[in-house]
1. State whether the residues of the stretch A:386-404 include one that is over 28 Å from the mean Cα position of the chain (by Cα), outside any loop (DSSP other than H, G, I, E, B) and β-branched (Val, Ile, Thr).
2. So A:Leu253 passes all but one of these: (1) at pLDDT 90 or above; (2) open to solvent by 20 Å² or more (accessible area, probe 1.4 Å); (3) on the phi < 0 side of the Ramachandran plot. Which condition number does it fail?
3. Report yes if some residue within the stretch A:294-312 is part of a helix (DSSP H, G or I), at pLDDT 95 or above and more than 25 Å from A:Ala245 (Cβ to Cβ); otherwise report no.
4. If A:Ala376 meets every condition in (1) closer than 22 Å to A:Asp433 by Cα; (2) within 25 Å of the chain's Cα centre (by Cα); (3) in contact (Cβ under 8 Å) with a residue 60 or more places away in the chain apart from one, which number is that one?
5. What tally of residues in the stretch A:418-431 results from selecting those that are under 17 Å from the mean Cα position of the chain (by Cα) and either of a type in the set (Lys, Arg) or surrounded by 24 or more Cβ atoms within 10 Å (Cβ to Cβ) (or both)?
6. Provide a single number: the residues in the stretch A:314-371 that are farther than 30 Å from B:Leu57 by Cβ and either without any contact (Cβ under 8 Å) to a residue 60 or more places away in the chain or not in a strand (DSSP E or B) (or both).
Amino acid sequence: MFERFCALLLRLYPAEFRRTYGREAVQLMRDRARDERGVFLRARLLMDLATDLFATSLRGWQAARPSLVRIDGAPRFDIIEVHGLRPEALAAGILTSILLFASFTLLFQATEPTKTPAQLSEGPGSEVPSGDADEFDPRAVVTDPEARHKLIAAIALNLRQLYFDRALGQQLADAVLVQEKKGEYESLDTGADLAARINRDIQAASRALGIAGGVFVADVVHSERALPTGPPPPMTDEMRERSRAVLLLQNCLFETVETLPHNIGYMKLNGFADATVCRQTTGRAMASLNKTDALIVDLRDNGGGMGDTALQIAGYLFDRPTYMYDPRPDSPVPARTASPIPGNTLVDKPVYVLTSSRTQSAAEYFVYNVKMLKRATIVGETTAGHQHSGAFHRINDHFGMGIQQVAPPESPYLVKGWEVIGVEPDVEVSSTDALAAARKLAEHRPVPK
Amino acid sequence: MPKNKLSPLPAAAFQILMSLADDDLHGYEIMRRVEQQTDGRTRIGPGTLYSSIQVLLDAGFITEVALRGEAGSNDERRRYYRLTTAGRKAARDEAERLADVLRVARAKKILRGEYV
């Protein structure tokens with residue numbers, strides 16, 4: 001009976017909390033109820049629960065577990081759904097707390113109210129509009145000042161409440177609102193233009209606030225197709241097997257692996273495939289180029305993928321474990337290469353990496369690091385400038401934004417990252433001429449003494 | 001680099017990190033351990049406990065270890081949490097910060113004695 005009452009009280013917690021930790025919370029109260037018997041202890045338990053419910057309802061629950069989703073086949077963002085504070089839960093929490101406090105104060109005059117521990121979670125986005133499609137018709141953003149203002153207010157609120165440095169987030173939000181007030185967003189024709197303009201303003205404000213170029217801050221995204229509302233269903237064994245078969249069929253995205261005249265190794269890799277499936281294929285590709293005198297790594301059509309595979313390839317270029325900077329705060333990719341790799345002879349061979357404006361994400365992670373480490377000559381165009389290191393928040397069907405919600409690791413190099421600015425080539429040529437240029441460089445490389 | 005929201009470490013987060021210094025614990029054990037280490041002054045409710053745990057997970061200060069049931073118990077499988085190296089360092093930094101506060105308090109004669 002008592003446990004059921006506790007379970008009932010737990011139902012008053014915010015929905016996101018119940019979804020994420022509801023089972024654990026019920027178990028915790030069941031454990032306490034088992035161990036704390038007698039009128040006084042039971043009353044204290046209820047008092048604790050009421051206090052906690054009151055505090056939790058006031059600050060809301062916004063720390064939903066990030067979950068990975070794919071957006072239009074692009075590299076991954078973390079999606080965190082923003083849920084508003086349920087008014088009925090807040091009202092019920094306040095009412096219950098008042099009633100319980102009143103009852104127990106009368107019953108247990110000597111009982112001191114429990115101190116609430118310091119609050120951690122200042123839930124973001126409680127005022128963020130719900131993302132209702134009618135409220136956020138993308139065409140209305142262009143034509144309807146009120147709808148546009150709501151969108152910009154939601155973006156500013158996200159900056160203020162979600163950017164990991166609250167003070168800077170406040171100033172970034174203010175900068176966007178100032179531009180809105182000046183009418184800078186009124187003459188734009190499309191959602192894409194609006195997103196691009198706001199991004200430029202965020203970038204400009206970031207520089208003015210002393211945030212280094214190349215560091216990801218926030219990025220407003222406009223999508224013609226409706227953005228997904230939540231994470232995809234978990235992969236079944238069958239889906240996993242099919243994905244594995246497709247990757248192997250595509251040679252793990254290695255388009256070409258060959259030895260060119262003058263014993264120059266050439267590999268064209270159009271994505272970094274899942275290392276759990278492709279580790280052996282990658283190893284075989286690198287082994288097949290092991291005896292070449294120079295190596296060209298063609299990433300012109302590489303849109304990114306899994307950092308593990310990029311790290312694996314980089315491992316062949318060094319003679320010792322080498323740090324590879326990854327801007328993602330909780331990156332699953334190890335920080336260092338697995339060098340030296342037994343039998344590998346590429347460590348002292350010249351390396352040329354081909355880039356284009358389509359080279360992005362994990363491919364830029366590879367390019368940035370080998371450039372900073374002065375291990376390769378980059379030939380081609382400046383890369384796309386997409387770190388994909390933030391968490392993505394859906395605002396409505398067509399707008400969302402990535403935000404650096406957790407402080408990123410700091411790059412040890414002078415250029416602090418590649419967001420927006422991309423990675424500049426050492427030898428700038430159009431992407432169509434990059435292979436010829438790299439071959440010429442490789443053929444005329446200085447002969448080691 | 002600007003400071004993040006766990007610097008300085010909030011009291012509940014600090015207590016949770018300290019509770020995990022010796023063992024992997026599940027939610028209820030963390031709550032009990034915090035109660036013990038604060039001489040019963042702090043009992044963390046489920047909302048504060050799990051929101052703090054979520055923030056600490058996000059910051060990489062703790063990690064979830066495999067679900068498991070308690071030995072000799074029919075309880076459901078529980079989530080256990082483990083202190084990471086970064087979490088241990090954060091707890092140490094916070095302890096040192098508090099020690100500095102104590103040193104100042106003693107110097108100002110607000111607090112007496114070598115140790116508290």
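The values are calculated or read from the model by the stated rules, or taken from the named source; none is laboratory data. Owing to the predicted nature of the structure, the values given are computational and were not obtained by experimental measurement. Please note: Cβ atoms are built from the backbone with ideal geometry, for glycine as well, and neighbour counts cover all protein chains shown. For accessibility, only protein heavy atoms count, side chains too; no ligands or nucleic acids. Shrake-Rupley method; radii C 1.70, N 1.55, O 1.52, S 1.80 Å.
1. No, the stretch A:386-404 contains no residue that is over 28 Å from the mean Cα position of the chain (by Cα), outside any loop (DSSP other than H, G, I, E, B) and β-branched (Val, Ile, Thr).
2. Failed condition: (3).
3. Looking for residues that are part of a helix (DSSP H, G or I), at pLDDT 95 or above and more than 25 Å from A:Ala245 (Cβ to Cβ), one finds none in the stretch A:294-312, hence no.
4. Unmet for A:Ala376, out of (1) closer than 22 Å to A:Asp433 by Cα; (2) within 25 Å of the chain's Cα centre (by Cα); (3) in contact (Cβ under 8 Å) with a residue 60 or more places away in the chain: (2).
5. Going residue by residue through the stretch A:418-431, those that are under 17 Å from the mean Cα position of the chain (by Cα) are A:418-420.
With either of a type in the set (Lys, Arg) or surrounded by 24 or more Cβ atoms within 10 Å (Cβ to Cβ) (or both) added as a condition, the list becomes A:418-419.
Of the residues in that region, 2 qualify.
6. Total satisfying the criteria: 26.
Residues checked against (1) in contact (Cβ under 8 Å) with a residue 60 or more places away in the chain; (2) open to solvent by 50 Å² or more (accessible area, probe 1.4 Å); (3) not acidic (Asp, Glu):
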| residue | (1), (2), (3) |
| --- | --- |
| A:His386 | yes, yes, yes |
| A:Arg394 | yes, no, yes |
| A:Leu435 | yes, no, yes |
| A:Pro446 | no, yes, yes |
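Rundown of residues vs (1) in contact with a helix residue (DSSP H, G or I) (Cβ under 9 Å, 6 or more places away or on another chain); (2) open to solvent by less than 30 Å² (accessible area, probe 1.4 Å), yes/no style:
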{"position": "A:Gly169", "(1), (2)": "yes, yes"}
{"position": "A:Val176", "(1), (2)": "yes, yes"}
{"position": "A:Gly183", "(1), (2)": "no, yes"}
{"position": "A:Asp189", "(1), (2)": "yes, no"}
{"position": "A:Ala192", "(1), (2)": "no, no"}
{"position": "A:Ser206", "(1), (2)": "yes, yes"}
{"position": "A:Glu224", "(1), (2)": "yes, no"}
{"position": "A:Thr229", "(1), (2)": "no, no"}
{"position": "A:Thr236", "(1), (2)": "no, no"}
